[in-house]
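Student: Below you will find the structure I want to go over with you.
The values are calculated or read from the model by the stated rules, or taken from the named source; none is laboratory data. Bear in mind the structure is a predicted one, so any value in this text is a computation, not a measurement. Neighbour counts are summed over all protein chains in view; Cβ atoms, including those assigned to glycine, are modelled from backbone coordinates with ideal geometry.
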């Protein structure tokens, strides 16, 4: 039915994401305004929010200003339903008690009728699917503009606009748009304005892929009759910026590995001068640290465990490289809290004992040791043994393997705490997709930048992030496109990953 055009809703959201510790009975406010894009507002419309946390439903009706106001639990994600609005939407409630967010939806009054009129019959869908089989598997687009197909009704004209982290057009960025159902691909690059024009076959879900970031964003092009135009605007760091950051990170890791090697050499020379074995030297160094009780009380591990009243903890702790001071903080906290801790369990890991880097396989690196709470002497003995068994090597660590195997070895617990080295990337981050236990990540050494791996673990498992000053608990309910600030630095979820905004 040529002449009919699809109309897309305009969504404007104003939302400030702030992070503080959560507390009981925290309630925040969400205001939603319903605009008629022909003019005026929608009053008397039933609006419903359904919590994705516990399924509780909140209902109200829009007033004469077209607004609804919900007082709902803080820091939760909700499914939104509006009586005369046909799209699926989600929103997050603010994380601070009494804080308010404002969202605005603009759409036509005959939205539902138009959707019904534009719907394609099952016979027409089958006919279109058969026609589209003749398309090449990959269509190459030249000069950022795909030619109009001869039979336009089966396609939607679609514009993708890409901007960099500074909100400027990202020119000459290579893009592949892939249909999940038909496996048809459209390959091109953005023009000087950051735009590429496509004609995408209807009735498929499309993913936008960049060279180093696959499945960055997805969008459905529904089966509809007639012609239509759609667009999306994406923020992406760009291939050039990605490679620049990767080079900086590779150089940082190389320097860190060199530092650890030199530190190990100095320690071995000290042991030789003191006529101590390596194990005896580790015990003495640990004892020297343990004697500095007031200093240890100012450390991140001691502070985080003290201010968060987690019960029946399983603590998974990295004991590689320079983690000895943090292990000492853990030992002091344990000494002072042993009497009141119930069902406390520990897992320590050292990235494969003394294996060479070539022997370390993802998921089977080992060097993981479990122990129930047995007293301070038993704990420090195990710590010394795990550190003694470890022998340096590459900088990335097997955090995910330690979490997975630690949970399997442990008896039932209530809270999972990981004491992590923020200087060391997670070498087996790919195992995160198979792990769903909430993790409280304690970031040791995070005075400035936070490694994205640890933000991803906390976000994907619906856990939390903890620095020496902050407990960031709302990360669990963040969504694509939202930002969070840690140590004064902003990180944004882009393509399912945390990206530092600004120059790395």
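Student: Sort out which residues of the range 109-120 are surrounded by fewer than 16 Cβ atoms within 10 Å (Cβ to Cβ) and closer than 23 Å to residue 203 by Cα, and write them in order of number.
Tutor: Within the range 109-120, the subset surrounded by fewer than 16 Cβ atoms within 10 Å (Cβ to Cβ) is 109-110, 112-113, 115-117, 119.
If the condition is that a residue be surrounded by fewer than 16 Cβ atoms within 10 Å (Cβ to Cβ) and closer than 23 Å to residue 203 by Cα, then 110, 112, 113, 115, 116, 117, 119 are the ones that fit.
Student: Restricted to the range 206-225, and to residues that are in a strand (DSSP E or B) and either at pLDDT 95 or above or in the same structural domain as residue 421 (by TED's automatic domain parsing) (or both), which residue is nearest to residue 156 (Cα to Cα)? Spell out the reasoning first.
Tutor: Taking the range 206-225 as the starting set, the residues that turn out to be in a strand (DSSP E or B) are 206-209, 217-221, 224.
Adding the requirement that they be either at pLDDT 95 or above or in the same structural domain as residue 421 (by TED's automatic domain parsing) (or both) leaves 206-209.
Values: 206: 12, 207: 15, 208: 16, 209: 19 Å.
Ranking the qualifying residues of the range 206-225, first place goes to 206.
Student: Then there's this: With (1) in the same structural domain as residue 166 (by TED's automatic domain parsing); (2) out of contact with any helix residue (DSSP H, G or I) (no Cβ under 6 Å at 6 or more places or on another chain); (3) free of Cβ contacts under 8 Å to residues at least 40 places away in the same chain as the list, and residue 183 as the residue in question, which single condition is left unmet?
Tutor: Failed condition: (3).
Student: Say we look at the range 226-260 and pick out the residues that are assigned to a loop (DSSP other than H, G, I, E, B) and at pLDDT below 90; which of these is surrounded by the most Cβ atoms within 10 Å (Cβ to Cβ)?
Tutor: Going through the range 226-260, the residues assigned to a loop (DSSP other than H, G, I, E, B) turn out to be 226, 228, 236-238.
In the following step, the residues that additionally are at pLDDT below 90 were identified as 226, 228.
Numbers: 226: 15, 228: 21.
My answer is 228.
Student: Anything in the range 185-194 that is surrounded by fewer than 20 Cβ atoms within 10 Å (Cβ to Cβ) and in a loop (DSSP other than H, G, I, E, B)? List them, or say none.
Tutor: Looking only at the range 185-194, we keep the residues that are surrounded by fewer than 20 Cβ atoms within 10 Å (Cβ to Cβ), and these are 185, 187, 189, 191-193.
Selection gives 191, 192, 193.
Student: If the Cβ limit is 9 Å and pairs must be 6+ apart or interchain, which residue in the range 479-491 that is within 10 Å of residue 449 (Cα to Cα) pairs with which residue that is loosely packed, with under 13 Cβ neighbours inside 10 Å?
Tutor: Sorted first by the residue in the range 479-491, then by its partner, the pairs are 487/447; 487/448; 487/469; 488/448; 489/448; 489/502; 490/502.
Student: Another question about this same structure. Just give me the residues in the range 315-347 being under 20 Å from residue 422 (Cβ atoms) and without any contact (Cβ under 8 Å) to a residue 40 or more places away in the chain, in sequence order.
Tutor: Hits for the range 315-347 are 325, 329, 333.
Student: Scan the range 440-450 and give yes if some residue there is more than 30 Å from residue 262 (Cα to Cα), modelled with pLDDT of 95 or more, crowded, with 17+ Cβ neighbours inside 10 Å and in contact with a strand residue (DSSP E or B) (Cβ under 6 Å, 6 or more places away or on another chain), otherwise no. Reasoning before the result, please.
Tutor: In the first step, residues of the range 440-450 are kept if they are more than 30 Å from residue 262 (Cα to Cα); the result is 440.
Imposing the further condition that a residue be modelled with pLDDT of 95 or more reduces the set to 440.
So of that shortlist, the ones also crowded, with 17+ Cβ neighbours inside 10 Å come out as 440.
Now restrict to residues that are in contact with a strand residue (DSSP E or B) (Cβ under 6 Å, 6 or more places away or on another chain): 440.
Yes, because at least one residue in the range 440-450 is more than 30 Å from residue 262 (Cα to Cα), modelled with pLDDT of 95 or more, crowded, with 17+ Cβ neighbours inside 10 Å and in contact with a strand residue (DSSP E or B) (Cβ under 6 Å, 6 or more places away or on another chain).
Student: Further question on the same structure: Restricting the range 453-490 to residues that are more than 24 Å from residue 51 (Cα to Cα) and touching a helix residue (DSSP H, G or I) at 6+ places or on another chain (Cβ under 6 Å), which is surrounded by the fewest Cβ atoms within 10 Å (Cβ to Cβ)?
Tutor: Taking the range 453-490 as the starting set, the residues that turn out to be more than 24 Å from residue 51 (Cα to Cα) are 453-454, 466-470, 485-490.
Pick out the ones that are also touching a helix residue (DSSP H, G or I) at 6+ places or on another chain (Cβ under 6 Å) and you get 453, 466, 468.
Details: 453: 23, 466: 28, 468: 18.
Among those that are more than 24 Å from residue 51 (Cα to Cα) and touching a helix residue (DSSP H, G or I) at 6+ places or on another chain (Cβ under 6 Å), it is 468.
Student: Which one of these is within 20 Å of residue 304 (Cβ to Cβ) and modelled with pLDDT under 95: 436, 487? Break it down stepwise before answering.
Tutor: Working: 436 fails: within 20 Å of residue 304 (Cβ to Cβ).
Going through 436, 487 in turn, the sole match is 487.
Student: Which condition breaks for residue 178 when tested against (1) assigned to a loop (DSSP other than H, G, I, E, B); (2) touching a strand residue (DSSP E or B) at 6+ places or on another chain (Cβ under 6 Å); (3) surrounded by 18 or more Cβ atoms within 10 Å (Cβ to Cβ)?
Tutor: Answer for residue 178: the failing condition is (1).
Student: What number of residues in the range 195-218 are more than 15 Å from residue 494 (Cβ to Cβ) and surrounded by 16 or more Cβ atoms within 10 Å (Cβ to Cβ)?
Tutor: 11
Student: Would you list the strands (runs of 3 or more DSSP E) that sit entirely within the range 78-159 and hold 3 or more residues that are in the same structural domain as residue 206 (by TED's automatic domain parsing) and either over 30 Å from residue 472 (Cβ atoms) or free of Cβ contacts under 8 Å to residues at least 60 places away in the same chain (or both)?
Tutor: 138-140
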